[in-house]
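Only the coordinates and a few stated rules stand behind these numbers; no lab work does. Nothing here was measured: the structure is a model prediction, and the numbers come from that model. Please note: Cβ atoms are built from the backbone with ideal geometry, for glycine as well, and neighbour counts cover all protein chains shown.
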Amino acid sequence: MNKSWGDSRGFTLIEMVVAIALLSLMAIISWRGISGMTEIQHKVQGKNEDYLLLRASLDQWKTDLDSIQEQPSFPSLEWDGLSMRILRSPSGGDKTGLQVVAWARHDINGKPKWVRWCSSILKNRQELFFAWQESKIWAQSVTNTNQSSEVVTVGIDEWEIFYFRSNAWTNPLSSEIDSDKKGTQTKLPDGIKLVLKLSPDQTLRGKVILDWTRFGGSN
């Protein structure tokens, strides 16, 4: 006669201890797996965010250069070793004025960042002159007045600029400059090389190099 379920022998104490230990081990392994997946997800998300910010920053840099406007006896582009200042047509299709844009490396909350400053739309030469001077002051020291006009982008340790002239890349501060009688730089370089050394405290690291040419955009 077969035994009924009620007659079956239950688990021994040793079997219960072994079962509980195995369950605990499986729970620990599963938790570590979930924790690891969460950490990876956060890293991937952070890397994607840094990449999108870098991409947007480089696109804005290219747009600023593509929008350069030349004016008689006034610089359209100037690199002084600290900042790049650009005279450009306004965004949004406004053809009635100009804007001054500047890029520089600033410490934001103790971390070096690549920062962009932009003036309002300028309607006359006096406004243009003051905005050009203000952009230089901003590049050297941030004040409460001009800080509201800046946008903070990616973290960088340092950055460099090279001009392409006479079929060669040269340092803008040591290369030959075409100027008018007043000494104002008038002729734009044929190309500009941007070199960013990204800060190591973010998910994207290393160097970023972007070449821009007057007639071919950027690479």
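Across all Cα atoms of the stretch 61-112, the radius of gyration (one decimal) and Dmax (whole number) stand at 12.9, 40 Å. Working from label points 7 Å from Cα in the Cα-to-Cβ sense, the I108 to D66 distance is 2.3 nm. Extension gain for T170-S89 works out to 26.5 nm (0.36 nm per residue, less the C-alpha to C-alpha distance). Applying a threshold of 23 Å to the alpha-carbon distances of K123/K193; K187/K207; K95/K136; K62/K193; K113/K187 flags K123/K193; K187/K207; K95/K136; K113/K187 as lying beyond it.
Close amide-amide hydrogen proximity is noted between Q202 and no other residue 5 or more places distant or on a separate chain, at a cut-off under 5 Å (H modeled in the peptide plane; Pro and chain starts excluded). Judged by the mean number of other Cβ atoms found within 10 Å, the most tightly packed of the peptides 58-69, 163-174 leads the ranking 58-69, 163-174.
Which net charge results for the neighbourhood of V195, defined as the other residues with beta-carbon distances under 14 angstrom from its beta-carbon, given Lys and Arg at +1 and Asp and Glu at -1? Spelling it out: positives minus negatives among the neighbours equals 0.
Quick check on packing: order 77-89, 120-132 by the mean number of other C-beta atoms within 10 Å, highest mean leading. If you can, show how the numbers build up before the last one.
Working: 77-89: 19.0, 120-132: 14.8.
Per-residue mean Cβ counts within 10 Å order the peptides as 77-89, 120-132.
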